[in-house]
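Take a look at the structure below.
The values are calculated or read from the model by the stated rules, or taken from the named source; none is laboratory data. Computed from a prediction, not measured in an experiment: that's the story for all the values here. So basically every Cβ, Gly included, is an ideal-geometry build from the backbone, and we count neighbours across all protein chains shown. Protein only, heavy atoms only, side chains kept; ligands, DNA and RNA dropped before computing areas. Shrake-Rupley method; radii C 1.70, N 1.55, O 1.52, S 1.80 Å.
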Amino acid sequence: MSRIKFEPGEQILLHGQLLRFVRRTKTQEIVFTCVETGVSAVLSDKELAEHFRSGDLKFRVEDAYGDVPHSDVPDIPFSQLSHDQQEFAITRRVYIEAALKLPSHRNEDLLRSSIARVAREIGDQRPPSARTLRRAIARYKKQGRKLKAVAPHHYRKGNRNCRFAGQVVKAIEAVLDEEYQVAACPTLSQAYGHLPKRIERLNRGLPTELQHAIPSYQAFCKIAEKLDMYEVEKSRHGKRAAKQKYAQVGEGLSITRPLERVEMDHKVLDNWVLDDETLEPLRRPILTAAIDYYSRMLLGYHLSFSTGLASVMASLRHAMMPKAALVDADGVILTQETWDCFGVPETVFVDNGAEFHASALAHALYQVGSGLEYAAAYTPEHKGIVERFFGTVRTSFCAGLDGFTFSNPQEKGDYDPQASAGLTFSEYREKFERWLIDVYGVRPHSVTGEPPLQRWREGTRHSPVRMLDDPAQLTPFSGRTEQRKLQRQGISLDKRRYQSPELADLLTWPEFDGSVDVYVNPASAESIWVYHPRRKRYVEVPAASEAPRKRDAASREAAKIAMDMSRRANADIRAAGREASAATKKARKRKASRDSAARSPQPLVARAERDFQPGCVAPDDGDPSNAEPLRLRRMSRK
């Protein structure tokens, strides 16, 4: 067995116990002494090798100054030291190597002359003393001539023992838990304001000499720095925010071929655009993108001003079909590279937007043999490829164009993006496609290290893409989507009736609920595409009735005039009816007021004025001329 070299006083760490080397016996066994207990231990070289192989043994555990390291201060590698500390260690090793070449580095005169010579050669203005250099040589040799042995270890200095009583520490932790780690998100200074009351409660009943002092704000902050930041963020902002800020990020999926996974999402771009005809500012366009995970190349896109299902369908249709060259009005190709990315994706990965949960999207993808997967709620990191692409679009494309909207209001200043817009919607779309092909497509990606276009082409050599059987399969991705009732007469849509034998068996299917998804091609109304839930595919249904007859221009103009006259006549009739109704209501109110007055009892004074003459009593016959003189008597109201 090979002998292991030990320096006098060298220390090892075995099973968590610090042992110091004493000597070797005549039988070549090694004697150690436990630093804490002083008990001796005898081990052989073979036993030490076995312990080292199992990870239970560490050699030369002393720090650079020969002291046992603090258990709560982990050792750091040389590369993590500051630049000044690394330069100090390199310079100090030059002095040490020169001294080790001397006949004896313990000779004071020889060591001083060596130090002076080295200082002149390297231009050091502050050379070490002979005594300092001898201590550095001892540490250098004891730790196996490691450079880190002569580097300054300032991070190990200072008292790291807690100077507060256990009850005070518990009070600080209680304040941090109850006053700082709450959803209201108070500051540390606000939470510290609750600490004096806690300390006062601790001091109740204690003698003056045993009462606890209130920790300073700096000490409070140091204890707060030792908290688990994930738990702090979780308590203050929620589990989702803590996960996004501190959760570990893995290497991602293992995708081995193009079109194995395609991610889709929307993004409002950061430029205002102008209307192509009026040149008035419109708004910021919305990019619906479908990007290939393997190559990081965009397969298809759609620029519009909405995030609906139509934008998703248009982007997928663009992704599956071969792209035409981008040309100007004279037919000149505007791009240097060709955008030869197309094919049917194996899986389309989307978020939980309403447009992505439409049954029409799932049916259309299943029709062409593609799968549809959804990310978990509030997890944008699950589709990080398309999210990262949107960030590249903003910094590399949008930032250099007119009408750019700054995310920081201070950077924006007095700049008005809406007034500074200078590109029409068509020009903006042309510039985006040129940037996509000639800039983004040929620039090496930060993750793959290859340009997206080059990686796509190399990937399709060993994994060819799958094409559609027929361009007509893209029909469900075109036009509008509606839900209609299927009856015995067929499907009624836009004043036409559509019927086919494929739909007949649906009416007798027990699981059929009566509604079907219909795709309408705006280019032709002679047929529609209906999803057949029993056959799990789309079927083309021809029109069973003639299209509504179109009138000529004169007939349309005459019908328009007649319609206007009819509207005006109806408006006059409605106005006359409203006036008559108002007059009737007024007459009814007057009649009701008169009837109410006749039924109600009259006041005494009014009856006296109406029925009697002054100083007389009305006779029984009602003739005022036969009135009798008025006698004073009590009158009662009946």
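List of remarks:
- Any chance residue 223 is out of contact with any Cys (no Cβ under 7 Å at 6 or more places or on another chain) and farther than 25 Å from residue 174 by Cβ: no
- Between 439, 393, the distinction of being in contact with a strand residue (DSSP E or B) (Cβ under 8 Å, 6 or more places away or on another chain), closer than 17 Å to residue 291 by Cα and open to solvent by less than 80 Å² (accessible area, probe 1.4 Å) belongs to 393 only.
- Flag for residue 152 being open to solvent by less than 90 Å² (accessible area, probe 1.4 Å) and over 43 Å from the mean Cα position of the chain (by Cα): yes
- Considering residues of the range 211-255 that are of a type in the set (A, V, I, L, M), at pLDDT 80 or above and surrounded by fewer than 14 Cβ atoms within 10 Å (Cβ to Cβ) only, the residue farthest from the chain's Cα centre (by Cα): 213
- Residue that is over 30 Å from residue 106 (Cβ atoms), surrounded by fewer than 13 Cβ atoms within 10 Å (Cβ to Cβ) and among the hydrophobic types (A, V, I, L, M, F, W, C), where the choices are 174, 183: 183
- Exactly one residue out of 310, 290, 314 is in a helix (DSSP H, G or I), in the same structural domain as residue 464 (by the TED database), open to solvent by less than 50 Å² (accessible area, probe 1.4 Å) and not β-branched (Val, Ile, Thr): that is 314.
- Conditions (1) open to solvent by 20 Å² or more (accessible area, probe 1.4 Å); (2) in a loop (DSSP other than H, G, I, E, B); (3) touching a residue at least 12 places away in the same chain (Cβ under 8 Å); (4) more than 21 Å from residue 10 (Cα to Cα): number failed by residue 112: (2)
- Filtered residue count, the range 417-436, keeping only those that are open to solvent by less than 30 Å² (accessible area, probe 1.4 Å) and either among the aliphatic types (A, V, I, L, M) or without any contact (Cβ under 8 Å) to a residue 40 or more places away in the chain (or both): 4
- Count - residues of the range 174-205 that are over 20 Å from residue 228 (Cα atoms), of a type in the set (Gly, Ala, Ser) and either at pLDDT 90 or above or in a helix (DSSP H, G or I) (or both): 1
- Annotation note: of 463, 527, the sole residue that is out of contact with any Phe, Trp or Tyr (no Cβ under 7 Å at 6 or more places or on another chain) and closer than 26 Å to residue 262 by Cα is 463.
- Condition met for residue 308 (over 30 Å from residue 448 (Cα atoms) and not aliphatic (A, V, I, L, M)): yes
- Number of residues in the range 350-373 that are surrounded by 15 or more Cβ atoms within 10 Å (Cβ to Cβ) and in contact with an Asp or Glu (Cβ under 8 Å, 6 or more places away or on another chain): the value is 6.
- Some residue of the range 408-416 being open to solvent by 20 Å² or more (accessible area, probe 1.4 Å) and touching a residue at least 60 places away in the same chain (Cβ under 8 Å): no
- Pairs where the first residue, in the range 263-284, is open to solvent by 10 Å² or more (accessible area, probe 1.4 Å) and the second is acidic (Asp, Glu) and assigned to a loop (DSSP other than H, G, I, E, B), C-beta under 9 Å, 6+ apart: 265/351; 266/355; 272/402; 274/280; 281/275; 282/275; 284/270
- In the condition set (1) at pLDDT below 85; (2) closer than 24 Å to residue 150 by Cα; (3) open to solvent by 60 Å² or more (accessible area, probe 1.4 Å); (4) not hydrophobic (A, V, I, L, M, F, W, C), residue 2 is compliant with all but (2).
- In the range 5-49, residue nearest to the chain's Cα centre (by Cα) [restricted to those that are free of Cβ contacts under 8 Å to residues at least 24 places away in the same chain, over 28 Å from residue 140 (Cβ atoms) and exposed (fewer than 12 other Cβ atoms within 10 Å of the Cβ)]: 37
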